[in-house]
Structures are given as C-alpha cells and as structure tokens.
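**Student:** First the structure, which I've put down as structure tokens, then a few questions once you've had a look.
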Amino acid sequence: MKKSTVIFSVIILLFTFSMGAYAATKYNLTFNGKKQSTDIQYINNIAYVPLAEVTKLFEGKLTYDGKTKTFAVSTNATESTTQSELTKTIDEVTVKIDKVIQDSDSLRVYLTYVNNSDDEVNTTVSLSKVVANGKQYSYNSDFNFKRWYKKDVPHADSSIEPGVTAENVIFFEPVNADSINIAITVNWEDYKFNNVKITK
C-alpha cells in the first residue's frame with residue numbers, strides 16, 4: 001500500500017472518529033428559563049446556534065438577499081421590556097412603572113410606590129428624569145404643577161408611611177422617541193428603568 005494511501009486512510013478515520021464524538025454529545029439550550037429544541041455545535045470552546053433559530057428566539061424575522069448574499073435580521077426585542085424589568089426594589093421599597101403615555105401636551109410616567117419598610121420614605125419626585133435619543137429631560141416643577149392638579153391622574157404624597165402603596169404620575173415635556181430610559185429617586189436611592197415603551 002502506498003504511503004499516501006495510508007495517510008489518507010488515517011485522515012478519514014480520524015475525521016470519522018471526531019464526527020462520531022461530536023454526534024455523541026448532545027447540548028441543551030434554555031432561553032429565558034425555557035428549554036429549546038435547538039441544534040448546538042460546540043467547536044473550539046465556542047457554541048454555535050443556527051441564525052434562524054436565534055432570530056426566532058427573539059421573535060424576529062430572517063430574510064436572505066441572493067443578489068448581495070446578505071442575511072438580514074429584524075427584531076424589536078431590544079425595545080421590549082418585561083414586567084420584572086419595570087419593577088425595582090431597594091431596601092424593601094418598590095417602584096413600579098405602570099405605563100408611559102404621550103400626547104401633544106406631555107409625556108406622563110405612571111408609577112406605583114410600595115413601602116414595605118419600617119420607615120417613612122420620601123418620593124423625591126423633583127429628582128426624576130428621563131433620557132431619550134441621548135438627551136436628558138429633568139423634572140420641571142412649573143410644568144408639572146400646571147398639569148398635576150388639573151388632570152385626573154393619581155396623586156401620591158411627598159412622603160409615604162410604612163405598609164402603604166401609592167400611585168403617582170410625573171409629567172415631562174413630549175419627546176421624539178418610541179422608548180425612554182427613566183430614573184426615579186426615592187429616599188435618595190436611584191431606580192433606573194431602560195427601554196420603557198411609550199404609548200401614543
């Protein structure tokens with residue numbers, strides 16, 4: 001048998017063995033805590049998942065342009081926010097963003113305070129702010145005063161006793177965005193919420 005034939009045979013055997021070893025290993029994937037039936041290849045300590053499967057996990061759409069040989073993924077998953085991400089608790093004081101609504105007059109942040117601590121807490125509304133398109137919009141007392149008392153919205157006191165749940169609305173000037181980041185300060189603690197969708 002020629003030497004080249006022997007070397008080729010050994011390469012084929014090694015390739016077959018390695019493929020068999022790969023096939024014998026089954027990897028599992030969970031996404032947001034749910035098990036997925038997705039084929040995973042683990043090569044050189046890197047996990048590979050088919051692009052179509054990843055797109056589906058993020059509720060997106062995958063298209064292919066044969067002329068430019070381009071795969072395009074579109075998804076709005078980065079703009080969505082889960083309910084748990086809209087609720088933050090620090091030292092037994094919880095702040096929950098209920099909704100954000102905007103019309104031509106104002107951007108309104110509806111929120112709920114839950115004081116499960118043993119102490120009174122200060123809502124410190126004047127330190128609230130939102131960020132949209134790289135611009136910060138700080139609380140404006142005059143802008144709020146003109147709307148807070150005239151509109152039929154929840155009004156929370158400036159201080160909340162232990163065991164009390166209170167709803168509130170904070171007014172900001174309208175922003176040109178579909179989602180915003182919100183910073184709420186309660187008892188000098190910052191509660192930050194990212195990519196909160198605006199209802200218009």
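**Student:** Roughly what would the spin-label model give for Leu51 and Tyr110, points 7 Å off Cα along C-beta, in nm?
**Tutor:** Here the answer is 4.1 nm between the modelled labels.
**Student:** Mind giving me the FRET efficiency for Thr87 and Gln41? R0 is 41 Å, r the Cβ-Cβ distance, nearest 0.05 is fine.
**Tutor:** Values: r = 38 Å, r/R0 = 0.92.
Computed FRET efficiency for Thr87 and Gln41 comes out at 0.65.
**Student:** Multiplying the sequence separation of Thr165 and Phe58 by 0.36 nm and subtracting their Cα-Cα distance, what value in nm do you get?
**Tutor:** Result: 35.1 nm gained on full extension.
**Student:** Which ³J(HN,Hα) values in Hz, rounded to whole numbers, follow from the phi angles of the range 190-196 under the Karplus curve 6.51 cos²θ - 1.76 cosθ + 1.60, where θ = phi - 60° and Gly and Pro get x?
**Tutor:** Values per residue, Gly and Pro as x: 8, 10, 10, 10, 10, 6, 7 Hz.
**Student:** Using a 7 Å offset from the Cα along the Cα-to-Cβ direction at both Phe31 and Lys151, what is the distance between the two label points in nm, to one decimal?
**Tutor:** It is 3.7 nm.
**Student:** A follow-up question, please. Over the heavy atoms of Arg147, what accessible area does a 1.4 Å probe trace out, to the nearest 10 Å²?
**Tutor:** In the full protein context, Arg147 sits at about 40 Å².
**Student:** Another one. Given 0.36 nm per residue, what is the gain on full extension from Asp103 to Ala177 after removing their alpha carbon distance, in nm?
**Tutor:** Working: separation 74, 0.36 × 74 = 26.64 nm, distance 1.20 nm.
Contour length minus the Cα-Cα distance gives 25.4 nm.
**Student:** At a 1.4 Å probe radius, which order do Tyr113, Tyr149 fall into by accessible area, largest first? Don't skip to the answer; put the middle values down first.
**Tutor:** Working: Tyr113 5, Tyr149 150 Å².
Result of the area sort, largest leading: Tyr149, Tyr113.
**Student:** Nothing charged except the Cβ atoms of Lys and Arg (+1) and of Asp and Glu (-1): what's the magnitude of the dipole of the range 97-200 about its Cα centre? Round to the nearest 20 debye. Provide the component values of the computation, followed by the final result.
**Tutor:** Details: 11 positive and 15 negative charges, 129 e Å.
Dipole of the range 97-200, to the nearest 20 debye: 620 debye.
**Student:** Given a cut-off of 32 Å, name the pairs among Lys26/Lys67; Lys56/Lys151; Lys35/Lys61 whose C-alpha atoms lie farther apart than that in the structure shown.
**Tutor:** As for pairs spanning more than 32 Å Cα to Cα, those are Lys26/Lys67; Lys56/Lys151.
The values are calculated or read from the model by the stated rules, or taken from the named source; none is laboratory data. This is a predicted model, so every value here is computed, not measured. Backbone-built Cβ (ideal geometry, glycine too); neighbour counts: all protein chains shown. We work out accessible area using only protein heavy atoms, side chains counted, and drop any ligands, DNA or RNA first. Shrake-Rupley method; radii C 1.70, N 1.55, O 1.52, S 1.80 Å.
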